[in-house]
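Have a look at the structure below before the remarks.
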Amino acid sequence: MKTRNMLSEELNKLRQELALMAARVDEDLGKAIAVLQSGDKELAKEVKASGKLVDAMQLKIEDMALVLLATQQPVARDLRELITVFKLTTSLERIGDYSVHLVKAAIKLSGEPLPRSVERIERMALAGREMLKAAFSAYISHNAEAAREAAGMDHKIDSEHKALTEEALVLMKSNPELVKAAARLLRLSGFMERLGDHVTNICEGIVFMTDGKREALND
């Protein structure tokens, strides 16, 4: 019983660290959206600097999980949660990277004439942020169905990505002066589309952790 209580306490500490990492990534994504809207260079610097903190958080959490795997001999659901932790931290780190990519591109775009398609990038980022919050809530509550619902929100991002791709190609053909901006938007759209995929990966991890099923979501 003592060993079980110790494992529960350590798992709670791990969840708290994951919550801090998820909150940091969510905040950075929110700041990145603001930079896209305003071109604020100081805010962009904050997001870039925060990316290093997210990397450090990932290493700390994964070290904690490895120690628990090696010393506490978890079984069943606890073992699945510890395995899932690595999927969560990897995906959160990648989402943090996309926030950095977003601010870098936003600063470059701020000096160029912007097509209206940039609004689609904003909507994709907002949808990704909404997905991430829903996914992490599902993790905290160990709710597989909520994770499936969060993954289902990815269709908003995919829809915007498809529409932006079509618009960007038309822009490139009809407005040569906007080719560079359109190309940057296409690249950003690709990042946002993959952001949605990473949140979906998180959701798949939650389903495995909770139900013990390896379920491909959004296929």
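The values are calculated or read from the model by the stated rules, or taken from the named source; none is laboratory data. Just so you know, these numbers come straight off a predicted model, no measurement behind them. Heads up, the Cβs are rebuilt from the backbone with ideal geometry, glycines too, and the neighbour counts pull from every protein chain shown. Accessible surface is based on the protein model in full, side chains and every heavy atom, while ligands, DNA and RNA are left aside. Shrake-Rupley method; radii C 1.70, N 1.55, O 1.52, S 1.80 Å.
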Subset of segment 131-160, residues in contact with a Ser or Thr (Cβ under 8 Å, 6 or more places away or on another chain) and either open to solvent by 50 Å² or more (accessible area, probe 1.4 Å) or among the acidic types (Asp, Glu) (or both), comes to ASN143, ASP154, GLU160
Of those in segment 38-81 that are assigned to a helix (DSSP H, G or I) and among the acidic types (Asp, Glu), the residue most open to solvent (accessible area, probe 1.4 Å) is GLU42
Selection from segment 82-92 of residues of a type outside the set (Ser, Thr, Tyr) and either in contact with a strand residue (DSSP E or B) (Cβ under 9 Å, 6 or more places away or on another chain) or open to solvent by 30 Å² or more (accessible area, probe 1.4 Å) (or both) yields ILE83, PHE86, LYS87
